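The values are calculated or read from the model by the stated rules, or taken from the named source; none is laboratory data. What you see is a predicted model, and the numbers here were worked out from it, not measured in a lab. Virtual Cβ from ideal backbone geometry, glycine too; neighbours counted across all protein chains shown. Accessible surface areas use protein heavy atoms only, side chains included; no ligands, DNA or RNA. Shrake-Rupley method; radii C 1.70, N 1.55, O 1.52, S 1.80 Å.
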Amino acid sequence: MRGKLTLAVGTLLGTLTAGLLLGAPTSAAPATFTHPGVLLGTRQLDFIRSKVNSGAQPWKSAYDAMMASPYASLSRTPKPRATVECGPYSHPNHGCTDEREDALAAYTLSLAWYVTRDTRYADKAIQVMDAWSGTLKDHTNSNAPLQSGWAASTWPRAAEIIRYTYKGWPKGRIDRFATMLRTVYLPKVVNGSHNNGNWELTMMEAAVGISVFTEDKSSYDKAMATYRARVPAYIYLKSDGALPKTTPGSGLDTRAKIIKYWQGQSTFVDGLTQETCRDFTHTGYGLSAISHIAETGRLQGRDLYSEVADRLRQALDFQATYELGGTPPSWLCGGSVKRGLGPVTEVGYNALHNRMGRAMPATQKLTEKQRPAGSDSLFVAWETLTNADNPN
């Protein structure tokens, strides 16, 4: 009993101390939101356009791969429905794939519009967004929060680009799209989750993007506070102590519970994530969302990378080492890992290595090997095009 009490008190003090050390602001939201400002801003978009139009690599090949994908098709017919029902692993799948892929299509088309200035791409993106905003009312079943997170991580990226760089989206339809984000998606994601960490991180990415598009400072602050608590509880550093950090209200108040939550892993090293021993695919979702939120926060005037840099750098390099074929030691996941990290390294690598000068040898090797990075068909897309060596 005494050991459990000590652990609980230590966890509480660790959480409080972390909050003090992080210097959590009373408000994370900017005085004025920057637009476009979800994952990509004007300077990033201009860099992309310049590189593609000059035929520079790897951006031109990445752009060509994007334009060859079904998501860039001008003949796409959106498939909205009033209720999207998604169970575990999207079983049942009533509109789940259609929703995610239509959101990715809107984003892809918005990028195509920005590079080409061909209004057909902007108009098609608008058609897709309007179709869903005029139809969708709810998400149901157990995966509703995660499905909402995936789709609503992507919709605001597309909407920000089209709204602020193209004049052809009528105000009434913009307002209707904002209402959909605010009333259908935001309630499903903004309160977070005590499920595996990739859930909450993806949900916070969606909440942050929605908040930027709708200029909702309150939900932006709430999402950022949840993010700042979750990242230290998702990626371990030896400075955390003998056990990983936990999030407030998680109920992880004993060593046994923490180890179970970390997929049975009892040896903790720099860069290990809460889902490393589950599989690298879900780990990739979490790392991607961490990077995306930090990028959006940077565009909105707050440097989150300085706060998460050590954890994110260690996690990317740790996972990349084994994704590249490194043999896991016996103490790691029982000596066997499930690879499949996905096209998720470009954003974090560009920020941490290129902008901040952090050494990331395994991540660099994996990132360059995977170029041009494609899409995971969930919420990650075309990040060689958008983030490779992008200094802005």
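For residues that are open to solvent by less than 20 Å² (accessible area, probe 1.4 Å) and in a loop (DSSP other than H, G, I, E, B), scanning just the stretch 347-376, find the one that is farthest from Asn387 (Cα to Cα).
Among them, the one singled out is Met360.
For the stretch 120-140, what are the residues that are hydrophobic (A, V, I, L, M, F, W, C) and under 13 Å from Lys79 (Cβ atoms)?
Val128, Ala131, Trp132, Leu136
Anything in the stretch 51-67 that is farther than 23 Å from Tyr166 by Cα and not in a helix (DSSP H, G or I)? List them, or say none.
Gly55, Ala56, Gln57, Pro58
Return the pairs, sorted by first residue and then second, in which the second residue is among the hydroxyl-bearing types (Ser, Thr, Tyr) and open to solvent by less than 60 Å² (accessible area, probe 1.4 Å), the first residue lies in the stretch 171-193 and is on the phi > 0 side of the Ramachandran plot, the beta carbons are less than 6 Å apart, and the residues are 6+ apart or on different chains.
Listed by first residue and then by second, the contacts come to Gly192/Thr226.
Restricting the search to the stretch 320-346, which residues are in a helix (DSSP H, G or I), farther than 19 Å from Ile259 by Cα, out of contact with any Asp or Glu (no Cβ under 7 Å at 6 or more places or on another chain) and not small (Gly, Ala, Ser)?
Matches in the stretch 320-346: Thr321, Tyr322, Glu323.
Can you name the residue in the stretch 32-50 that is open to solvent by 60 Å² or more (accessible area, probe 1.4 Å) and part of a helix (DSSP H, G or I) and, of all such residues, is farthest from Thr296 (Cα to Cα)?
If we take residues in the stretch 32-50 being open to solvent by 60 Å² or more (accessible area, probe 1.4 Å) and part of a helix (DSSP H, G or I), then Ser50 is farthest from Thr296 (Cα to Cα).
Would the stretch 150-172 turn up any residue that is crowded, with 20+ Cβ neighbours inside 10 Å, polar (S, T, N, Q) and assigned to a helix (DSSP H, G or I)?
So far as the stretch 150-172 goes, yes, one or more of its residues are crowded, with 20+ Cβ neighbours inside 10 Å, polar (S, T, N, Q) and assigned to a helix (DSSP H, G or I).
Quick one: in the stretch 180-213, which of the residues that are in contact with a Ser or Thr (Cβ under 6 Å, 6 or more places away or on another chain) and part of a loop (DSSP other than H, G, I, E, B) is farthest from Val231 (Cα to Cα)?
Val190
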